[in-house]
C-alpha cells in the first residue's frame, strides 16, 4: 500500500474492491480516553452526516461494540457523557463473534485482512503521530461512490474527538484542512473582478450606440433593429413613468409573445422597475392569486386594452402597442444599482399560494458576463427564445444576445413545444444557440435521429444549454454523435438564483453520469449535511449556493424566504446568505458537482421507499424508449407505481415489464405501465405530472367500467378470466397472461383462488394457481376437476406422511466426527442466524442450499443475508459454500453430481428451509415443506447415513395441546395429534410424521420445534413476514393496540440458534424432539407496545386496520386477511378472535429436554429485556437518521 499525504483520501491498489487511505497527523490524540467508545461515536457521526440508517460496530483486540441505533441528541453531548451513552447503548460482544456488520471499524486492526464481501470496513490505526484510516468497499456496493468521503469523515471526526475529550461529536469537523481549502477554494467558485458595475440596460445601450442598425429582435418575419428596440423602449418607459412607475416597483407583464415582450421588459428595466411575466393563459384563480402576491399599481398588457382582473380589486392595465409608442432617443437615465430588483418569476408546479422569486441586477449581469466568456461571444449569435416567457430561462434568451450584438428570435406562443416547428425556425432564422429542457431535447434527438432533413435543418446550431430537469445522458450523447458541431452545456440553478449558476460542457467521457459542473464566476456552491456542515467529495448532501447570483427571496413572503435563504455559516463563501436548494448532490474526484435527486421527492408505496430515478433509468435502457417518468397511482384507497414512457411503436408493455423485472427489485417494478408516443409537457416544457395523473384517472375509470361489464355489448368473459382481470385490475388481460408476470402477489393469489372456488364450486388452492398461472390453463384445470375430482386432502396427507417402502433406512454412526453441516434455508431469518452460529462457535464447514441461478449466486445470497443482518465477517468465507437448490423440486433441484458430492461430504443435515405463508393452504406448502423434507431425508440416508435435524414449529401440536389439561411433552407422537389448522403448520405436521416414521425404522432424526421467534438483542431486526411482527408493527403504525390478551412465547432468534447448534453438537439429544422456546409467557399487546400506545376496543382496532388497508398498507392487508371475513360487532367474540391469533406456547408445552440441554451448556440468556428493547428501537426508529423519530413507548 502507498501512504497518502496527510489529510487526503488517496486510492490504494487493491484487487478486491475500492480502497482508500486517509492520514490525520495530530499528535494530541495520545491524550484521549476510551478510544473504542470514541471510535463508535465517530462511526455514528459518519452515518448521521451521510444520512444513512444502519447499525455500526467497532472491533478492537479485546471487545466488539455493536450499536444498532442511537438517540437523536447524541451528537450534542459533551465527550464524556457521549462515550458513557454509547457504552450503555451498545451491545458488548466477545471478540470470538467477529462480526463485521454493515459498517465496521477495526481499531488497530489489520487493514490488509481478507475483507472480500464486507460492504464497508474501516481500519483505524492510532499512533503517537495521529490517526490512519483505511476504508475498503466492494465496487458494486451503494457506498462505493462515497468511499473517499467515508475515509475522510471518520478520520477527521475520530482524530478531533481523540484530541479533545470534551468535544461533542456534532462539532467535530468532517473535512480536513486540505479538503476544505479545495472544496471552498477553486471547486466552490472563483471571484472575477467585473467592476465597475454596469446594468444590463447600459450593456444593451452600448450595443445600440455601436451598431444601431443591426437586427436585434425578430418575430414572425418582423424585425426590430437595435436603434428601434432602444427608442421604442425609451418611449414606453416615458409612458409608464407618467402612470407612476418608478424605481423599485414590481410590475406584472401580461404578454405571451411578440416584439412587444422585449420592448416592455426593457422599458421597465430602464426605469429601475422589476418585470414579472404573467401568462394570459393562466386560469382566473391563478391570475388573481398572482396579482395578490405582487399587489401592483398597474399591469402591462397586450396591444388590446384590458384590465388585468375584474371586480372591486381590478388592476389597471397599460397596453403596449408598438405603433402608438412615440419612439425617442432620450433614455430615462434612472441610476440602477447592483442590488436593485430586475425581474421576478413565479415558481411552477406549486399548489396553494404561488411564490414569486425576485432577482437582482447584479446576479443577472454576472450571468450574462460569464456567458459571454463561456461561449466566446462574437456578436454573431442568433438565439432562439425556446422557453416559455414565464420560465426564467427565457430571460437570458431574450436579453443576453442583446448585450453581445447578437439577435433574438421570439417564437409564437407555445411554438417551442412543437419540435418540428422549432426545427423549422432554427433553419429559417439560422439560429446558432438555444435552450432545451431534457424532455423536449429527447424529442428533438429522436426526430433528428430518424429524419436526415431535420438533421440538416439544425445545421446552424453551435451551442445548446440543457436545464430545468435532470439531463438525459443517452439523448445528449446521441445528439453529439448525430451533430458533432453542437456543443452542449448542462446548466443548473434554481429560479431563486439568477436563472442558473453551475455549468458543465458535456463530453462523451461523461458516460451515463453527466455532471452539472462547477459554479460560474462570482458564484459558489457546496455540499453540506442537514446541519449545513460541509461534506468532502463523494458524500451526498444538499447543494447550497451563494454569491452574487442569489436573489432577494420571495415577494411578500418573508417566512418562506427565511426558510431557504439562511445565514451563511461557511466563511469561505462570500456573502451573508446561502440558498438551500433542496437538491441532493455530490462532488466527484474532479471537483464537479453531480445532481443526485430532490430531498423532497421520494416515493413511498406500501411502506417501501422507492427511488423513482432508479426505475426511470432502468426503463430508458430498453431500446426504443425516449423518456420515462414514474408517478404514484392512486386507485381508490390503493397506492401503486405507474411508469409512463415515450417510446417507439415497437415497444410493448409485456417486453418492457420483463426488462424491468430483470433489472429492478420486485417492489420497484411498477404495477402500471403506459406506453405513449410522447409524454405530456407543462407550458415550460417539463413533463407534466398532473397530466399523467389525469391520464391514470381516465384509465382507472375506463377499467372500472369494463370490469363492471360496461354497456353489456359483446360476450361476457370466461369466469376465470373475469376473476383474473378483477383481482389484478387489468381489464385488458388475456387468457394467456401469466399471473406473476402481470404483477400478482400472494394476497392476490389468495383472492383469485377464493373467488374461483366460491364461484365455480370446485376446490382450488394457491399451488394450483402457481402450477397453472394463466386463465386458460386454470380453466383447463377446472374442466379436468369437474371430470376427475381432486384427491381429498385427508388422503393426500396420509400418503405424504408415509416414507416409501423401498427407502433404505440405516442409523447414523454416532461416533463420526461432524466436520461439515448441510443447512437449508440459510438466507432466512432463522437460517442465517444458524449459519452465523455454526461458523462463529464451531469449526465445521457449512454448506448452504438456497434458491439461485448457480452456486456462485447461492453463496453470494447467503453472504448478503448475513451482511444485511450484521452477521458477517470476511474470514468466515473459507468455511462457507452455497449451492443453488429448490426445495419444491425433485432432488431439491440439485444435479446428480452435486447431490452425490453433498451426500458424501456432509456429516449432518440441518433442515431449516420452508415455505411460510399463513394465507396459503396445505397444497401450496406441500412441495417445499413435505416433499422437500422427504428428499433431504433421502440425501441424509444415501452413501453413509447422516443425522438429520429438522427445524419445525410448535404449531404442529398446538391444536392437540389445547385439548390436554397438562402441557404436552416433547415425546408426544405427532402421528397421534389432531391436524393443525393452518396450511403451513399442517405441512410441517405431515413432514414430522414422515420423519418420525423413518426414525422408527432406524433413521437418526432430531425434531426441533420452535415457538415465536423474535428479534435478537444485537440488532432488533424482525422477521418481517412473521405474524408477530405484522401485529406489533400494525399497533405501532396505527398508534393503537386492541383490548385483548394475545399471549405466546417471545423467543429471540439468537436464543433459539444457540440451542439448536448445541443440539447439533450434543449427541445426547440426537434422535429426540426438543421444544425450543423461551419459558416466559408474554402478552404481545403489552410488550413492546407498552403503556405509551392507547388501548381501544377490538372493533375500533379492526376499523383502523381496514382504513390502513384502504390507504394501501399491504402489511395491514396481510394481517387483516387472517381474520374471518364475517365478524360480528360483539366485543367478547372479537376479543376471543384476537386472542387466538397466537398460541400461548409456554402454557401448552413442556420443554424438559431443552431445559437439560441448557443446564449442560450453561446457558444464562433468559433475560428478554435486551431483545425487547432492541426490537422497540427498531420498530420506533429511535436513534435512526433520515426519518421521523417516534417517542419511545414504555414497557
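Summary table
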item: Additional length obtainable on full extension of the chain from residue 799 to residue 1000, 0.36 nm per residue less Cα span; result: 70.6 nm
item: 12 Å cut-off, amide nitrogen to a point 7 angstrom out along residue 33 Cα→Cβ, residues in segment 160-199; result: 165-167
item: Potential extension, residue 450-residue 740 segment - 0.36 nm per residue separation minus Cα distance; result: 100.7 nm
item: The chain: relative contact order as a whole-number percent, Cα under 8 Å and 6+ apart; result: 8
item: Computed FRET value (nearest 0.05) for residue 971 with residue 661, which takes r as the C-beta separation and R₀ as 45 Å; result: 0.40
item: Most to least packed among 651-661, 399-409 [average Cβ atoms within 10 Å]; result: 399-409, 651-661
item: Overall form of segment 346-457 per C-alpha gyration tensor (a/c, 1.5; a/b vs b/c); result: oblate
item: Global size of segment 797-851 as Cα Rg and Dmax, reported in angstrom; result: 15.4, 41
item: Using alpha-carbon coordinates, inclination of helix 1098-1110 to the longest axis of the chain, degrees; result: 50
item: Extension gain, residue 842 back to residue 981 (0.36 nm per residue minus Cα-Cα distance, nm); result: 46.2 nm
item: Two-site FRET efficiency, residue 1081 against residue 181, from Cβ-Cβ distance with R₀ of 51 Å, rounded to 0.05; result: 0.20
item: Within the chain, helix-based [θ] at 222 nm, where runs of 4 or more DSSP H residues each add -39,500 (n - 2.57), nearest 500; result: -10500 deg cm²/dmol
item: Structure-derived Cα extents along the principal axes in Å: which label, when the choices are [x] 113, 87, 57; [y] 95, 90, 69; [z] 146, 80, 62; result: [x]
item: Crossing angle, helix 393-404 versus the chain [Cα axis fit, 0-90 degrees, rounded to tens]; result: 40
item: Cα→Cβ-extended label distance, 7 Å offset, between residue 474 and residue 323, nm; result: 5.2
item: Most to least packed among 260-271, 1162-1173, 532-543, 844-855 [average Cβ atoms within 10 Å]; result: 260-271, 532-543, 844-855, 1162-1173
item: Largest-first principal axis extents of the Cα set of segment 966-1113 (Å); result: 55, 34, 33
item: Spin-label model distance (nm) - residue 380 vs residue 1140, 7 Å beyond Cα toward Cβ; result: 8.8
item: Stokes-Einstein D (µm²/s) once Rh is taken as the Kirkwood radius of segment 448-502 over alpha-carbon pairs, at 10 °C in 1.306 mPa s; result: 128
item: Residues in segment 1019-1039 reached by a label modelled at residue 1107 [backbone nitrogen below 11 Å; 7 Å Cα→Cβ]; result: 1038-1039
item: Sequence ranges 492-500, 1060-1068, ranked by mean other-Cβ count within 10 angstrom, highest first; result: 492-500, 1060-1068
item: Cα pair distances exceeding 23 angstrom across segment 198-360, given as percent; result: 37
item: Cα→Cβ-extended label distance, 7 Å offset, between residue 531 and residue 485, nm; result: 5.6
item: Degrees between helix 932-941 axis and first principal axis of the chain (Cα, 0 to 90, nearest 10); result: 50
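Rule-based calculations on the coordinates, nothing more; no lab input. What you see is a predicted model, and the numbers here were worked out from it, not measured in a lab. So basically every Cβ, Gly included, is an ideal-geometry build from the backbone, and we count neighbours across all protein chains shown.
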